[in-house]
1. Over all residues in C:319-329, what is the mean tally of Cβ atoms on other chains that come within 10 Å of each residue's Cβ?
2. Could you pull the accessible area for C:GLU498 with a 1.4 Å probe, rounded to 10 Å²?
3. Between region A:226-242 and region C:415-474, what is the separation of their alpha carbon centroids in Å?
4. Among C:THR517, C:VAL307, C:PHE245, which residue has its Cα furthest toward the positive end of the charge dipole of chain C, with +1 on Lys/Arg Cβ and -1 on Asp/Glu Cβ?
5. From the Cα gyration tensor of the protein assembly as shown, with a ≥ b ≥ c the square roots of its eigenvalues, which class applies: rounded if a/c is under 1.5, or else prolate if a/b is larger than b/c, or else oblate?
6. Could you tell me how far the Cα centroid of region C:367-396 sits from the Cα centroid of region C:270-299, in Å?
7. Going down the list A:LYS186/A:LYS241; B:LYS287/C:LYS423; A:LYS159/A:LYS206, which pairs span over 29 Å between their C-alpha atoms?
8. Using 7 Å Cα-to-Cβ label points, what is the A:GLU46/A:THR126 separation (nm, one decimal)?
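The values are calculated or read from the model by the stated rules, or taken from the named source; none is laboratory data. Note that the coordinates shown come from a computational prediction; the quantities given were computed from them, not determined experimentally. Note that each Cβ is placed from the backbone with ideal geometry, even for glycine, and that neighbours are counted across all protein chains shown. Protein only, heavy atoms only, side chains kept; ligands, DNA and RNA dropped before computing areas. Shrake-Rupley method; radii C 1.70, N 1.55, O 1.52, S 1.80 Å.
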Amino acid sequence: MRLSRPNFKSFIAGSAAALALGGAAFANKPTPGGWWLQEAASPVMEELTRVHNIVFVIICVILLVVTVLMAYIMIRFREKANPVPSKTTHHVGLEVVWTIVPVLILLAMVGPSMRLLYMQDRLPETEMTIKAIGNTWNWEYEYVDYENVDSFVANPLDKAEAKSKGVPYLLATDNALVVPIGTKIKVLVTSVNNMHSWAMPAFGVKMDAVPGLVNETWFEATKEGTFYGQCSEICGALHYKMPIEIEVVSKAEFARWVANDGAFATRNASIENLPVTRIAAPK
Amino acid sequence: MAGHAVVEHDYHLIPPSPWPFLSGIAALTWGLGMVAFFAGLVERTGENPMMEWFFASGLDTVKASALGKGSEVSGGWIILLIGCLFAVYVMYGWWRDVARESEAGDHTPVVDIGLRYGMIMFIMQEAMFFVGWFWMFFELGFFHKLRAGWNPDVLENASEYATSMAPGVTSVDAFNLPLINTLILLLSGTTVTWAHHALIHGDRKGAKWGLFLTVTLGILFTVFQGIEYVELFHARGEGHEAWIGANAYGSAFFMATGFHGFHVLIGTIFLAVCWLRMLKGGLKSEKHFGLEAAAWYWHFVDVVWLFLFAFVYIVFAISG
Amino acid sequence: MVAIPDTGYSSYDENDEKPSFFARWFYSTNHKDIGTLYLIFGIFSGLIGGFLSFMMRMELATPGIDVFNSEHQYLVFASMHGLIMIFFMVMPALIGGFGNWFVPIMIGAPDMAFPRMNNLSFWLLPTALICLLISFVVPGAAEGDGFGGGWVMYPPLSTTGSPGPAFDFIIIGLLAAGFSSIFGAINFITTILNMRAPGMTLHKMPLFAWSVLVTAFLLLLALPVLAAALFMLFTDRIEGGTGFFDPSRGGDPQMFQHLFWFFGHPEVYIMILPAFGIVSHVISTFSKKPIFGYLGMAYAMVAIGVVGFVVWAHHMYTVGMDVNVKAYFLAATLVIAVPTGVKIFSWLATMWGGSIRYTIPMQWAIAFIFLFVVGGVTGVMLANAGVDTYLHDTYYVVAHFHYVLSMGAVFGIFCGFYYWFGKMFGVMYNKYLAAAHFWLFFIGVNVIFFPQHFLGMNGMPRRYIDYPEEFELWNQVSSFGALITLAGVFFFFLMLLEALVLNRKRVGDNYWGEGATTLEWTLSSPPPYHQFNTLPRIEGSDEH
Ligand code: HEA
Ligand code: HEA
Ligand code: CUA
Ligand SMILES: [Cu+2]
């Protein structure tokens, strides 16, 4: 392939991509000791995070109000401070208020929540379809659109293997699901025996795999890198040990991967030189 | 029993009674029997003969004897049998006490109202029990096409699954035995009402006749249901197994009608007991809640059947 | 630890002849004795359930599998922990225990409507628990003994997934427990509707009786559906049996989830409503004020009960339901926050202007309100179907329901236990041991379950025996909390022993004094073997 003469655009694009990936590399799996949602890597997850934060603020305020009110009451009306109890047991105004106000709060909450719900469900025009089949205890993937890429099973790596490869145990698999960035991908989820659930937190995706049904969900990755999820429906002894690993690559890289019957030209298509390959990508 | 204290209320305080405790033990035995009888799933390794005797599925031995192969005795049989007999004994003892207390006049008006509340609540929970079965049935019947759409390769003949006993076997002819059974139950509903009113008007003879007829009709219903089951069972003659395990429809059909049949049996026994009590001179014309409760229960069973007939037999048979 | 004072108490030997020991405790037809049996049973089950959860916490303290000898065994512990805590600890304690003890007294009745059936309700529970305990040691799945399919028992994992008889025992056990509760419900409804003392209209009935009435209706309407679902599982498991949940025969595995949660969601309110009732009394007693907005309180519970029947599928947001169905369940679920809010604010309003005494039961009650709100608002977070796709089956859910159960329901239990301790056993508990119990337990459970919100948000799924080390920190904290909680439970038993063995001087009829206005405080402590031989007469208008 022929490198175009160095231009700043590509340089910036490259470094930007590298930076983005630097971020993504951190976002793609649970953060050590983390206590917040995983970083979003899809439009749905971005929306989901937004809605979560809205609801979060609301419930924190409610909790705060209740706590402060209670603290005040506990101090102000303790036996010493208030020896003679009042006898009021009714106040229609108050009762109406604390019925109406919650209703209003909830109404405010419903809007964004519903938008997210429908956004998640209604998959836009699909550009690519993948079938994920749950099995006790691993995932099998089919690339419905590319018959030259034959389906493969993604098994979890055991501790030693994971260590030697320097990948996270219980998250990494031997065969990652490879998908292109910025592509609307429909995922058909089903199972051959017990129920499982195909989940990818960073994409805001979770869909039960039920024998006898084919469930549909979708995602569009907005960051390149390797992303990890875990089976999210109890499916027996090794429920904890059937992770989901997705490798998001550039469209060009993916095209090459497909052309190569589902293998990277050089299996270690390292993420660093992706910008280069992107420049060279045939239109 | 309040001791020396003067009791100035009409409520019925009952002295300690063994029956509840014994019921607990009976239930335990019955439960062990149920598991042992149906769940003979322990693979025989010869390691633990005791456990294997216990879990040697009674069901297998039934099948064996049904197919004429000699049936070896298994734990399931014995324990389940003991459990059932134990339960029957407890119920007999318990309700005999109740009847005696009633004769002894412990059932003051307020207690009588309490009994009515109790019976109504019991019938309500029975109704919810059947809601469960009908819900299952409707889901399978109405949404099978949806599920088929989800996954054609698993459910290519889903509609058949959901509306007929088994592929090929057209579902039961609603207007044959089922229709007769419907008429039988409706008739029995009138006879039990006749019995009730006869008793109220002091016509014990008529009441006895009414009850006798009702019980007979109940038994007749059960017999016809049995015949129908056997016929369906023989539908496997055409190579299909039109039985409880055939498919979703078969399961829903047999479990729903089966549980209804079971309730018919209970109702029949309930009425028979009232009949016997009448023969023995029990049940006064002014106070006979036993009979009323039995009648309520019978009407409930009747209504459930009407629903079964309308949906399980007619609607799905046609839509299938 | 049956230390009910037998004689030497005035209102006893005067007008009581009590049956012999065996007749009294095995053939009992006395609502107070049966209530005590229920409480003992609840404590026993609480120990088992607590032990199971403690083992789980120890396993989860660090990544890797070091406590359990198989993954299956962990799942067995988790599943049995859930089932035992719910069906054999909370329900018997709240409904069977306190309900039996105090509903008849509060409504001015001498006993329950059907004393014999009352005892049947109790004796079905040991039967049920025995079945569950047997299931621990009989073959479950290929991976080992016991049933490890979660307390929700979804097929196919609970049918083809666990072929062994272990799960059949659980089915039988739950059926027994279910019928126990159904008979109990019939009994409570009849008692409350038919045996109220002259002058006690429904609108003058104490809130605890109201809560039990609503709870009883929930039980009556929800449990039979579970029974049907369990029967379906049972017959599906027989080879050559039914195919309700077998897709290859046209069945639908998800149908079980609908049936289960149609029972399951009312069930969660069954576990909290009686606690609401107890807390209402405690708050009003120690604020020395009548409850604020009595009618609102009563009908809020009715509303919760009614709405509780039409929100079940919020447990099933990720099973692939139609989006419009999800939208409905989202909205319906949010509605429940409103009546619950009415209760919270009415409690606060009851305390407002009161003269508050911080006795042990009051501490539990206040902690209950606070922690229940925490659990409630996380519930509202989960109710948003969209967000729930992320949080479903993560530890966020575990945190949510432990805040409402292990802190809602259980705090309600302890609250009532200390409130009525003297009334039930005639002796007072030791303040300091009780305080130690409260503080250790309060701190402990919060340390256990608050970090689990973080785990959930960071994406840790439920029912995992081992986890990536990213989750280690908060799991360690959580497990440490379990140790603190254990110490708390220890002090609870110390308190019991101290009080019941030393058997100090008896407490008076109304040892809480002003504010304790319900009928039980007009009786001796403990009350006579048969109270109200002459029925009390309730004067005054409905204005409460
Ligand atoms: C005592 C038991 C109990 C109680 C009371 C509740 C109460 C609630 N629960 Fe909970 N729940 C459980 C027990 C309980 N839950 C259990 C056991 C599970 C898990 C089952 C399993 O999968 O194993 C579960 C799971 C669960 C889920 C499914 C999560 C998932 O699996 O993905 C959801 C989703 O909607 C939910 C919602 C709610 C809501 C909205 C309430 C509401 O009732 C809460 C209402 C209360 C408040 C909101 C706080 C007080 C109100 C105010 C201060 C007024 C102002 C507030 C607002 C305006 C918001 N719960
Ligand atoms: C009432 C219900 C209840 C209660 C009290 C608890 C209490 C506790 N639970 Fe429980 N838990 C569940 C219901 C409950 N749990 C359910 C339904 C599940 C889901 C199961 C599943 O996934 O299928 C679950 C799952 C669950 C998990 C997740 C397992 C997994 O997903 O892998 C964990 C992990 O930490 C856990 C821990 C604990 C701990 C440490 C306590 C501690 O708080 C325990 C401390 C001890 C006590 C609170 C007992 C004290 C009470 C008494 C001694 C009786 C008192 C009685 C009288 C006074 C009358 N529980
Ligand atoms: Cu697969 Cu859990
Ligand atoms: Cu719920």
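1. Numbers: counts 8, 13, 2, 2, 6, 3, 0, 5, 6, 0, 0.
The shielding value for this peptide is 4.
2. 40 Å²
3. Cα centroid to Cα centroid, the span is 28 Å.
4. Farthest towards the positive end: C:THR517.
5. Values: a/c = 1.99, a/b = 1.28, b/c = 1.56.
Taking the square roots of the gyration eigenvalues as a ≥ b ≥ c, the protein assembly as shown is oblate.
6. 24 Å
7. Beyond 29 Å between Cα atoms: B:LYS287/C:LYS423.
8. 2.4 nm
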